[in-house]
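Enquirer: Here you go, one structure.
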Amino acid sequence: MTSKGKTRRTMSVGLSGAALALALTAPAHGAPQAASPQAPRAASPVASQVAGGGADWQLTETGVDARFRGLAAVDRRTAWAAGSKGTVLRTTDGGRSWRNVSPPGAGELELRDVEAFDARRAVVLAIGEGEASRVLRTDDGGATWTESFRNTDPRAFYDCITFFDHRNGLAMSDPVDGKYRILSTRDGGRSWTVLPDKGMPAALPGEAGFAASGQCLVSSGPKDVWLATGGGATARVLHSRDRGLNWTVAETTVPAGDPARGVFGLAFRDRTHGIAVGGDYRKDQPSPQAAAVTGDGGRRWKAASAPPPAYRSGVAWLPHSSRAALAVGPTGTDLTTDGGRTWRTVDTGSYDTVDCTRDGACWASGEQGRIARLGRR
């Protein structure tokens, strides 16, 4: 298929409003640091750009109008996006052009998550009741796709997928018989097995996951994985240390008690430090306490003292930073430079999810074909 348009346009509202705050937490490369256990890590390239006031979300021309809630940023040049109408896009030139690599005949599928290993290998998750929930995999950059899982249980509804490495991964479904259902792969998504639920705590009445950003199930390291919930009396985060066999559960401070409220996105920079974002996704409803943080792997969650001002569905740590992260939602992007305790709105564009790479690139995607990369003005 032919690649899409190459025109780039820069948003009028950038991220430079956080320059001073981030500069204080991100010393320049090579600068001496005090010998203190609290000393922040050296600045990443993307953090340095933001700190210098020279970085903005740059919208790329995708040529489609799908809503991209699934995003997998591989590196500075390569990213995948999965969205409505069975749409999958891939770039290998930093977003200057996008190739439509949608699976044939997938136009009726709602693709809500994508996990990519490189420019050629990726796994996408379609959501929905019964057979609408599927997993597809490509090994040739989207030229061909193989359906590796189709849900046949009408009670199951799969929401998110995550991988620990190139072989081991999990997918999660809303509760079936009172417990979340976990799907496991050991061959990179080529085959899947439903895990036993003996080690899974009971779900709360009305509780479920949110397929809003591909971040309701996230992993860090070889075995740790976290599952975000909402809709029940409290918004909870479940944690497994053994790739989904046994789980513990903790309440968060993010408001719930309604099918539209709860934790929508999680990000862990290591096994212990995590951020949860969410709120109420309805436009006419406020979202107080829309973020929480943990420093003990999710055993306890503390409310952000200055949370984002509205519902946020996606969150990502800035590359190589122990303190800086971005949260996104339909009404804007927020930045934290203190590990998630306080947030500042730095952009008003609409995005559903965000992802950053180890080599210093951050990407965001959302409605009306919107995919952006954080770059220099």
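The values are calculated or read from the model by the stated rules, or taken from the named source; none is laboratory data. Just so you know, these numbers come straight off a predicted model, no measurement behind them. So basically every Cβ, Gly included, is an ideal-geometry build from the backbone, and we count neighbours across all protein chains shown.
Enquirer: Among the residues of segment 189-200, is there at least one that is of a type in the set (Ser, Thr, Tyr), surrounded by 14 or more Cβ atoms within 10 Å (Cβ to Cβ), at negative phi and touching a strand residue (DSSP E or B) at 6+ places or on another chain (Cβ under 9 Å)?
Expert: no
Enquirer: Right, something else. List pairs: first residue in segment 185-206 and free of Cβ contacts under 8 Å to residues at least 12 places away in the same chain, second residue buried (at least 16 other Cβ atoms within 10 Å of the Cβ) anywhere in the structure, Cβ distance under 6 angstrom, at least six positions apart or on different chains.
Expert: As it stands, the answer is 193/184, since those pairs meet every condition given.
Enquirer: Report, by residue number, each residue of segment 261-271 that is on the phi < 0 side of the Ramachandran plot and not acidic (Asp, Glu).
Expert: 261, 263, 264, 265, 266, 267, 268, 269, 271
Enquirer: Additional query: Is it the case that residue 318 is aliphatic (A, V, I, L, M) and touching a helix residue (DSSP H, G or I) at 6+ places or on another chain (Cβ under 7 Å)? Working first, answer last.
Expert: Numbers: aliphatic (A, V, I, L, M): yes; touching a helix residue (DSSP H, G or I) at 6+ places or on another chain (Cβ under 7 Å): yes.
So residue 318 passes the test.
A quick yes/no check of all residues on (1) at positive phi; (2) touching a residue at least 60 places away in the same chain (Cβ under 8 Å); (3) under 17 Å from the mean Cα position of the chain (by Cα):
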position	(1), (2), (3)
226	no, yes, yes
229	no, no, yes
239	no, yes, yes
244	yes, yes, no
254	no, no, no
259	no, no, no
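Enquirer: State which residue is farthest from residue 145 (Cα to Cα) when the search covers only segment 164-206 and only residues that are over 23 Å from the mean Cα position of the chain (by Cα) and among the acidic types (Asp, Glu).
Expert: Out of the qualifying residues, it is 177.
Enquirer: Sticking with this one: In the list 274, 297, 366, which residue meets the criterion of being modelled with pLDDT of 95 or more and within 25 Å of residue 83 (Cα to Cα)? It would help to see each step written out before you state the result.
Expert: Details: 274 fails: within 25 Å of residue 83 (Cα to Cα); 297 fails: within 25 Å of residue 83 (Cα to Cα).
Residue meeting the stated conditions: 366.
Enquirer: Quick check on residue 337: is it touching a strand residue (DSSP E or B) at 6+ places or on another chain (Cβ under 6 Å) and of a type outside the set (A, V, I, L, M, F, W, C)?
Expert: When the stated conditions are applied, residue 337 does not pass them.
Let's see how each residue does on (1) modelled with pLDDT of 95 or more; (2) among the β-branched types (Val, Ile, Thr); (3) out of contact with any Gly (no Cβ under 9 Å at 6 or more places or on another chain); (4) within 19 Å of residue 351 (Cβ to Cβ):
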{"position": "71", "(1), (2), (3), (4)": "yes, no, no, yes"}
{"position": "74", "(1), (2), (3), (4)": "yes, yes, yes, yes"}
{"position": "79", "(1), (2), (3), (4)": "yes, no, no, yes"}
{"position": "96", "(1), (2), (3), (4)": "yes, no, yes, no"}
{"position": "99", "(1), (2), (3), (4)": "yes, no, no, no"}
{"position": "148", "(1), (2), (3), (4)": "yes, no, no, no"}
{"position": "153", "(1), (2), (3), (4)": "yes, no, no, no"}
{"position": "160", "(1), (2), (3), (4)": "yes, no, no, yes"}
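Enquirer: Name the residues in segment 218-259 that are in a loop (DSSP other than H, G, I, E, B) and surrounded by fewer than 17 Cβ atoms within 10 Å (Cβ to Cβ), would you?
Expert: First, pick out the residues of segment 218-259 that are in a loop (DSSP other than H, G, I, E, B): 221-223, 229, 231-235, 241-245, 247, 252-259.
Within segment 218-259, 221, 222, 223, 233, 241, 242, 245, 257, 258, 259 qualify.
Enquirer: Would you pick out the residues in segment 261-285 that are exposed (fewer than 15 other Cβ atoms within 10 Å of the Cβ) and touching a Phe, Trp or Tyr at 6+ places or on another chain (Cβ under 9 Å)?
Expert: Answer for segment 261-285, where residues must be exposed (fewer than 15 other Cβ atoms within 10 Å of the Cβ) and touching a Phe, Trp or Tyr at 6+ places or on another chain (Cβ under 9 Å): 282, 283, 285.
Enquirer: Now, a different point. Hey, which of the strands (runs of 3 or more DSSP E) in segment 68-173, taking only ones fully inside, have at least 1 residues that are closer than 23 Å to residue 373 by Cβ? Give the steps one after another, and end with the answer.
Expert: Values: elements: 70-73, 79-82, 88-91, 110-116, 122-129, 134-138, 146-150, 157-163.
In segment 68-173, 70-73, 79-82, 88-91, 110-116, 122-129, 134-138, 157-163 are the strands (runs of 3 or more DSSP E) which contain 1 or more residues that are closer than 23 Å to residue 373 by Cβ.
Enquirer: Select from segment 129-155 the residues that are in contact (Cβ under 8 Å) with a residue 12 or more places away in the chain, β-branched (Val, Ile, Thr) and closer than 19 Å to residue 107 by Cα and list them in ascending order. Walk me through it before giving the result.
Expert: First, pick out the residues of segment 129-155 that are in contact (Cβ under 8 Å) with a residue 12 or more places away in the chain: 129-143, 145-155.
Cutting the leftovers down to β-branched (Val, Ile, Thr) gives us 135, 138, 146, 152.
Within segment 129-155, 135, 138, 146 meet the criteria.
Enquirer: Just for segment 98-139: of the residues that are in contact with a Lys or Arg (Cβ under 6 Å, 6 or more places away or on another chain) and farther than 20 Å from residue 79 by Cβ, which one is surrounded by the most Cβ atoms within 10 Å (Cβ to Cβ)?
Expert: Taking the candidates together, the pick is 127.
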